[in-house]
1. L46 - would you say it is aliphatic (A, V, I, L, M), within 14 Å of the chain's Cα centre (by Cα) and at negative phi?
2. If I ask for residues that are free of Cβ contacts under 8 Å to residues at least 60 places away in the same chain and either touching a strand residue (DSSP E or B) at 6+ places or on another chain (Cβ under 8 Å) or closer than 29 Å to H117 by Cβ (or both), which ones from the range 85-107 would you list?
3. Somewhere in the range 126-141, is a residue assigned to a loop (DSSP other than H, G, I, E, B), within 27 Å of G13 (Cα to Cα) and not acidic (D, E)?
4. Restricting attention to the range 24-60, and to residues there that are without any contact (Cβ under 8 Å) to a residue 24 or more places away in the chain and closer than 16 Å to T78 by Cβ, which single residue is surrounded by the fewest Cβ atoms within 10 Å (Cβ to Cβ)?
5. Is at least one residue of the range 69-87 assigned to a helix (DSSP H, G or I) and surrounded by fewer than 19 Cβ atoms within 10 Å (Cβ to Cβ)?
6. Would it be correct to say that V8 is part of a helix (DSSP H, G or I) and under 15 Å from the mean Cα position of the chain (by Cα)?
7. Mind listing just one residue for me: the one in the range 161-194 that is part of a loop (DSSP other than H, G, I, E, B) and at pLDDT 95 or above and, of those, surrounded by the fewest Cβ atoms within 10 Å (Cβ to Cβ)?
8. From A23, A29, A44, A79, grab the single residue that is at pLDDT 90 or above, closer than 22 Å to E110 by Cβ and out of contact with any Ser or Thr (no Cβ under 6 Å at 6 or more places or on another chain).
Amino acid sequence: MTKPISLVRAGEGVDSDVLQRLAGALEGALRVPCRVESGIVEVADLYDPDRRQLRADLLLKKLADGADVGETRRLGVTAQDLYLPVLTHVFGAGQLTGNCAVVSLYRLREEAYGLPHSQPLLEERLLKEALHELGHTAGLRHCSVWQCVMSCSNGVELVDLKAARYCPHCHSTMQRVLQGHSAVGQVHPGQMNS
């Protein structure tokens, strides 16, 4: 059985129109129903004032606590910058073979690099990172095919280089998992990847 994808705002500053367009793009790419939740997940308690960032792993836990376990995949979208204790920043994070993922708009915006705003580029990057983090929820790890959406992106330039689609191997695995089959040979639920 296919799990629908539920998009939720994680904190303030995420435009509902952007989420609606992302939901439509994900439906088209994954052939899975997507909806936007009406509420907002509060993130103030996850904010590190010294770093001026949110901890991605704690946000994943909060998203999981509010999810219908086993019934849906939940993708949080935040305007805040994200980090993990071992990394200075991440574009997003996803639970390997779990149900939750998160993506940050912060470093996907051109303004973060001193450039003028580009809504089309922001939404293209958001789709790629959403597909990437949802791929982790299906048990996919980083792919060595640089054009694959599952390739590792430690800089926005690499996000721009990859396609908004999976390579044949990752696509096959993703479709199998989305149709309700297990991610054979993958890691234990609850582990997280960025």
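The values are calculated or read from the model by the stated rules, or taken from the named source; none is laboratory data. Because the structure is a prediction, the values reported are computed rather than measured. When we count neighbours, we look across all protein chains shown, and the Cβ atoms used for this are built from the backbone with ideal geometry, even at glycine.
1. Numbers: aliphatic (A, V, I, L, M): yes; within 14 Å of the chain's Cα centre (by Cα): no; at negative phi: yes.
So L46 does not fit the description; no.
2. So the first thing to find is which residues in the range 85-107 are free of Cβ contacts under 8 Å to residues at least 60 places away in the same chain, and the list is 85-86, 88-89, 100-101, 103-104, 106-107.
P85, T88, H89, C100, A101, V103, S104, Y106, R107, listed by residue number.
3. Looking only at the range 126-141, we keep the residues that are assigned to a loop (DSSP other than H, G, I, E, B), and these are 138-141.
Going one step further and asking which of them are within 27 Å of G13 (Cα to Cα), we end up with none.
Checking the range 126-141: not a single residue is assigned to a loop (DSSP other than H, G, I, E, B), within 27 Å of G13 (Cα to Cα) and not acidic (D, E).
4. Of the range 24-60, the ones without any contact (Cβ under 8 Å) to a residue 24 or more places away in the chain are 24, 27-28, 38, 45-46, 49-50, 58.
Narrowing further to those that are closer than 16 Å to T78 by Cβ: 45-46, 58.
Values: D45: 8, L46: 21, L58: 14.
Looking at the filtered set, the residue picked out is D45.
5. Initial filter on the range 69-87 (assigned to a helix (DSSP H, G or I)): none.
Taking every residue of the range 69-87 in turn, none turns out to be assigned to a helix (DSSP H, G or I) and surrounded by fewer than 19 Cβ atoms within 10 Å (Cβ to Cβ).
6. Values: part of a helix (DSSP H, G or I): no; under 15 Å from the mean Cα position of the chain (by Cα): yes.
No.
7. At the first step, the residues of the range 161-194 found to be part of a loop (DSSP other than H, G, I, E, B) are 162-167, 179-190, 194.
Then keep just the ones that are at pLDDT 95 or above; that gives 162-167.
Details: K162: 21, A163: 14, A164: 16, R165: 16, Y166: 25, C167: 19.
Checking each candidate, the answer is A163.
8. Details: A23 fails: closer than 22 Å to E110 by Cβ; A29 fails: closer than 22 Å to E110 by Cβ; A44 fails: closer than 22 Å to E110 by Cβ.
Every option except A79 fails the conditions.
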